[in-house]
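All remarks here apply to the structure that follows.
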Amino acid sequence: MKIADVLNVPSMPIASPSYPCGPYRFVDREYMILTYLSDPEAIREALPEPLESDGSNTVLFEVIRMPDSAGFGDYTESGIVIPSLLNGEPVNFTAQMYLDDEPPIAGGREIWGFPKKHGAPELAVIHDTLTGKVSYADTLVAVATMGYKHQHILYDVDGQKQCSSASIVKKMSKTQVNLKIIPDADGTQAICQLVGYNLTDIQVKGGWSGPARLQLHAHVNAPLADLPVRKVLGGVHFIADLTLPYGRVLHDYLKAPI
């Protein structure tokens with residue numbers, strides 16, 4: 001294989017790349033997102049500087065079905081996201097992720113720095129209940145339940161301000177931030193960055209809100225419960241098409257240490 005061929009391979013392993021070049025299009029991506037109040041000190045501990053808490057003390061628990069993902073296939077993922085501030089700008093920091101498919105695990109970590117680990121999330125409608133479950137190493141670590149399609153008009157967490165499809169698009173377009181750490185061959189950090197990205201070409205196909213509950217169970221290798229649930233503020237369920245483009249470096253710890 002010639003050097004030019006090596007330099008054009010999109011990902012490892014070279015014999016069968018884990019994922020193709022992007023950007024990546026997702027069709028009929030189904031979200032279940034619960035917003036809950038958590039412990040301010042736990043939130044502060046989970047946010048790497050220079051990220052700061054936005055003062056809301058809220059955390060988002062997500063389970064997402066992705067049946068049609070260009071380059072990545074059909075899979076389900078879950079995790080927790082913390083609304084925060086970066087130099088005064090509102091952003092969402094992805095703190096933990098668990099999913100069941102190798103290509104998006106490899107691609108997510110290597111390109112954008114998503115904190116992805118192999119787990120077993122599920123999202124299903126069981127009678128009148130939208131149910132999200134996450135297991136790790138054969139142990140149940142999260143159970144989320146939400147009334148199925150209770151409201152066709154989404155409401156903000158305060159239960160007063162109506163939220164349209166355009167508002168969902170605005171929220172999904174918010175800058176998302178990951179902590180990307182990749183070691184060099186000698187074990188030292190070759191990359192240590194805050195990486196930002198913004199979803200594009202978002203088309204909301206349906207959205208609902210409803211009452212919700214969330215249980216998180218302690219696990220050493222899937223520490224979702226380290227951000228404890230104080231009160232669930234509500235849940236949203238929506239289906240959308242979108243594009244995941246490449247990201248950008250927002251902060252390089254190796255070039256500009258705090």
Of the residues in the stretch 69-116, those that are within 12 Å of the chain's Cα centre (by Cα), polar (S, T, N, Q) and either open to solvent by 30 Å² or more (accessible area, probe 1.4 Å) or modelled with pLDDT under 95 (or both) come to none
Here the qualifying pairs (Cβ atoms under 6 Å; residues six or more apart or on different chains; first in the stretch 2-19 and closer than 13 Å to Gly107 by Cα; second assigned to a helix (DSSP H, G or I) and modelled with pLDDT of 95 or more) come out as Ser18/Pro103; Ser18/Ala106; Tyr19/Pro103; Tyr19/Gly107
The lone condition Gly210 fails out of (1) open to solvent by 40 Å² or more (accessible area, probe 1.4 Å); (2) more than 17 Å from the chain's Cα centre (by Cα) is (1)
Scanning the stretch 42-63 for residues that are closer than 14 Å to Thr94 by Cβ and not β-branched (Val, Ile, Thr) gives Ala46, Leu47, Pro48, Leu51, Leu60, Phe61, Glu62
(Q) Is it the case, given these coordinates, that Leu60 is within 18 Å of the chain's Cα centre (by Cα), farther than 19 Å from Ile202 by Cβ and either at pLDDT 95 or above or surrounded by fewer than 16 Cβ atoms within 10 Å (Cβ to Cβ) (or both)? (A) no
Going through the stretch 167-200 in order, the residues found to be farther than 30 Å from Lys133 by Cβ and either of a type in the set (S, T, N, Q) or open to solvent by 20 Å² or more (accessible area, probe 1.4 Å) (or both) are Ile182, Pro183, Asp184, Ala185, Asp186, Gly187, Thr188, Gln189, Ala190, Ile191, Gln193, Thr200
Legend entry - Test for Val141: is it within 20 Å of the chain's Cα centre (by Cα), open to solvent by less than 80 Å² (accessible area, probe 1.4 Å), modelled with pLDDT under 85 and within 18 Å of Ala212 (Cβ to Cβ): no
Filter the stretch 3-46 for residues that are of a type in the set (S, T, N, Q) and either in a helix (DSSP H, G or I) or open to solvent by 60 Å² or more (accessible area, probe 1.4 Å) (or both); the one that is farthest from Pro67 (Cα to Cα) is Asn8
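The values are calculated or read from the model by the stated rules, or taken from the named source; none is laboratory data. Bear in mind the structure is a predicted one, so any value in this text is a computation, not a measurement. Counting neighbours? That spans all protein chains shown, and the Cβs are built from the backbone with ideal geometry, glycine included. Accessible surface is based on the protein model in full, side chains and every heavy atom, while ligands, DNA and RNA are left aside. Shrake-Rupley method; radii C 1.70, N 1.55, O 1.52, S 1.80 Å.
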